[in-house]
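Below is one structure, written out as structure tokens; comments come after it.
Here, each number is a calculation from the coordinates, and none is a lab measurement. Fair warning: this is a prediction, and the values are worked out from it, not measured in the lab. Ideal geometry is used to build each Cβ from the backbone, glycine not excepted, and the neighbour counts take in all protein chains shown.
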Amino acid sequence: MAASTEPAVPGNSPRFDNGMQVLRDLNNGQPQPVFEAMRRDFPFLAEGTASYALGDVWGRKVLDPKTRQLAAMAAFASLGLRGFFKTHAGYALNLGATPDELKEIVYLVTVPAGFPRAIEASQVLQELFHERGLGTPQGQ
């Protein structure tokens, strides 16, 4: 069996621990299956994600957590990253965002990214609302 070329993963650090706490807060204390699979299969990537993206960036206190998720949703929808958009829309709901606030993000995306990206994001929200038993909120 050939030796692994996978770089060694540094041990837990305060940055990593902070990132893991941010992830728990976003996901109502539940494990995040995509991240857990990354930890298993790509530990170096998981460590960087937890330490930098979650610990250093998502852990900042300038924006409140809900606003941060709404901003992330707009970015991911504009880029057409359905999986990330859905994950962060779920986090936004966990943090108290309303379905109408999430729909407003979709409308906002029409300006920088165009109707196709907004329509795609609306389909993702419909899936998420259905999975959470929210139906498709009427309104705005």
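Structural remarks
- Residue-averaged 222 nm ellipticity for the chain, from DSSP H runs of 4+ at -39500 (n - 2.57), nearest 500: -20000 deg cm²/dmol
- Identified option (computed percent of Cα pairs over 21 Å apart; candidates (i) 42; (ii) 53; (iii) 47): (iii)
- Charge sum, other residues only, whose C-beta stays under 15 Å from F35's C-beta, Lys/Arg counted +1 and Asp/Glu -1: -1
- Excluding same-chain neighbours fewer than eight residues apart, the aspartates and glutamates reachable from K61 by a Cα-Cα span under 15 Å are D25.
- Nearby aspartates and glutamates by direct alpha-carbon distance to K86 (threshold 16 angstrom, same-chain neighbours under 8 apart not counted): D100, E101, E104, E120, E127, E131
- Exposure proxy ranking for F129, F42, based on other Cβ atoms within 10 angstrom of each Cβ and starting from the fewest, stands as F42, F129.
- Neighbour-count ranking [beta-carbon atoms within 10 angstrom, fewest first] of T67, T87: T67, T87
- Between the alpha-carbon centres of the range 57-72 and the range 17-39 there is a gap of 16 Å.
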